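Data first, discussion second: the structure below is written as structure tokens.
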Amino acid sequence: MSGSLQRRKKSKRKWKRLWFLLKDKVLYTFTAREDKVASESLPLQGFTVKLTERPEGEERSNIFHLYHKKTLYYTFRADDQHTARR
């Protein structure tokens, strides 16, 4: 599975659009879709994903969080709900 998402690290406020590839329980991060070599790789063993509650006044939330041992690691924002729930 691969695609473009916006990512925010822990308590940072700035979103950054990146390309991600999920393969064999490892999340690879690329600066652009065309890149041949990942800038980061993160084995996902022990991580959990949680969808956010939808903000008041919005129909759906496209934001989800990646936690490791109950500690927020990354926050992701998808362009649409279908992408967020894949």
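The values are calculated or read from the model by the stated rules, or taken from the named source; none is laboratory data. As the structure is a computational prediction, the values presented were derived from the model and not from experiment. Neighbour counts are summed over all protein chains in view; Cβ atoms, including those assigned to glycine, are modelled from backbone coordinates with ideal geometry. Heavy atoms of the whole protein, side chains included, go into the accessibility calculation; ligands, DNA and RNA do not. Shrake-Rupley method; radii C 1.70, N 1.55, O 1.52, S 1.80 Å.
So for region 29-36 (the condition being at negative phi, without any contact (Cβ under 8 Å) to a residue 60 or more places away in the chain and of a type in the set (Phe, Trp, Tyr)), does at least one residue qualify? Spell out the reasoning first.
Of all residues in region 29-36, those at negative phi come to 29-36.
With without any contact (Cβ under 8 Å) to a residue 60 or more places away in the chain added as a condition, the list becomes 29-36.
From the residues that got through so far, the ones that are of a type in the set (Phe, Trp, Tyr) too are 30.
Yes, region 29-36 has at least one match.
Under 6 Å between Cβ atoms, at least 6 apart or on separate chains: pull out the pairs that start in region 6-28 with a residue that is more than 14 Å from SER39 (Cα to Cα) and end on any residue that is of a type in the set (Val, Ile, Thr) and open to solvent by less than 100 Å² (accessible area, probe 1.4 Å). Hits for this filter: ARG8/THR75.
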